[in-house]
Amino acid sequence: MRVHLITTGGTIEKVYSEQSGQVENVSAQINRYLQTLRLPELRVEVTPLMNKDSLEMTDEDRDMVLVVVRARAAQAPVVITHGTDTIVETGKLLKAKIHPLRHPVILTGAMAPLGFERSDGLQNLTESLFAARVLKPGVWIVMHGQYFDVDNVRKDREASRFVAIRTSPAQAMEPET
């Protein structure tokens with residue numbers, strides 16, 4: 001099976017810069033992740049689109065993501081690595097503008113960069129590649145062992161995780177996914 005992996009930057013792609021003493025988006029890191037995985041039945045085709053912190057993404061950047069995802073999602077499932085601060089915004093744009101979706105589109109990221117203690121990047125990427133193979137067509141966020149419909153999720157900054165949004169009393173009775 002084939003999955004398109006589109007990289008846009010974010011913490012999942014950040015590295016520590018000794019010169020600045022900060023973590024920065026300097027160069028694509030996704031191949032470091034992929035080299036550690038055993039994916040015998042999966043062909044991952046990587047498209048490095050940009051390498052930005054999501055807070056620096058512009059409307060033009062999101063339009064570029066839309067164009068690439070629209071083309072790739074017609075052929076196979078898509079996984080997008082993205083910064084967590086505006087991942088929901090990008091996901092909602094994709095959901096609103098791509099009809100019909102034939103394959104799932106998965107957005108994922110990380111709270112800590114690869115190589116940092118307790119980095120969640122490899123886990124989230126691995127789970128996203130699996131989710132791309134089993135979820136129905138739609139736009140999803142996959143993080144920390146959970147998947148969320150992009151319309152019903154938000155980032156909980158205090159807990160450093162994503163949580164489902166409950167919009168009605170009936171939903172309060174449903175278990176979180």
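Considering the conditions (1) at pLDDT below 95; (2) open to solvent by 60 Å² or more (accessible area, probe 1.4 Å), Asp63 is excluded by exactly one of them, (1).
Scanning segment 66-82 for residues being buried (at least 20 other Cβ atoms within 10 Å of the Cβ), closer than 13 Å to Thr7 by Cβ and either within 14 Å of the chain's Cα centre (by Cα) or of a type in the set (A, V, I, L, M, F, W, C) (or both) gives a total of 6.
I'd like the residue in segment 112-129 that is more than 23 Å from Arg2 (Cα to Cα) and open to solvent by 60 Å² or more (accessible area, probe 1.4 Å) and, out of all such residues, is modelled with the highest pLDDT. Break it down into steps so the answer makes sense when it comes.
Filtering segment 112-129 for residues more than 23 Å from Arg2 (Cα to Cα) gives 112-120.
From the residues that got through so far, the ones that are open to solvent by 60 Å² or more (accessible area, probe 1.4 Å) too are 115-118.
Details: Gly115: 67, Phe116: 72, Glu117: 74, Arg118: 81.
Residue satisfying both the conditions and the ranking: Arg118.
Pro40 meets the stated requirement of being assigned to a loop (DSSP other than H, G, I, E, B) and open to solvent by 40 Å² or more (accessible area, probe 1.4 Å). In this structure, does Val139 turn out to be modelled with pLDDT of 95 or more, out of contact with any Ser or Thr (no Cβ under 7 Å at 6 or more places or on another chain) and in a strand (DSSP E or B)? The answer is yes for Val139. Here Leu101 fulfils each of the conditions (1) hydrophobic (A, V, I, L, M, F, W, C); (2) in contact (Cβ under 8 Å) with a residue 60 or more places away in the chain; (3) in a loop (DSSP other than H, G, I, E, B) apart from (2).
The values are calculated or read from the model by the stated rules, or taken from the named source; none is laboratory data. Remember, it's a predicted structure, so these values are computed and weren't measured experimentally. Cβ: placed from backbone, ideal geometry, glycine included. Neighbour counts: every protein chain shown. Heavy atoms of the whole protein, side chains included, go into the accessibility calculation; ligands, DNA and RNA do not. Shrake-Rupley method; radii C 1.70, N 1.55, O 1.52, S 1.80 Å.
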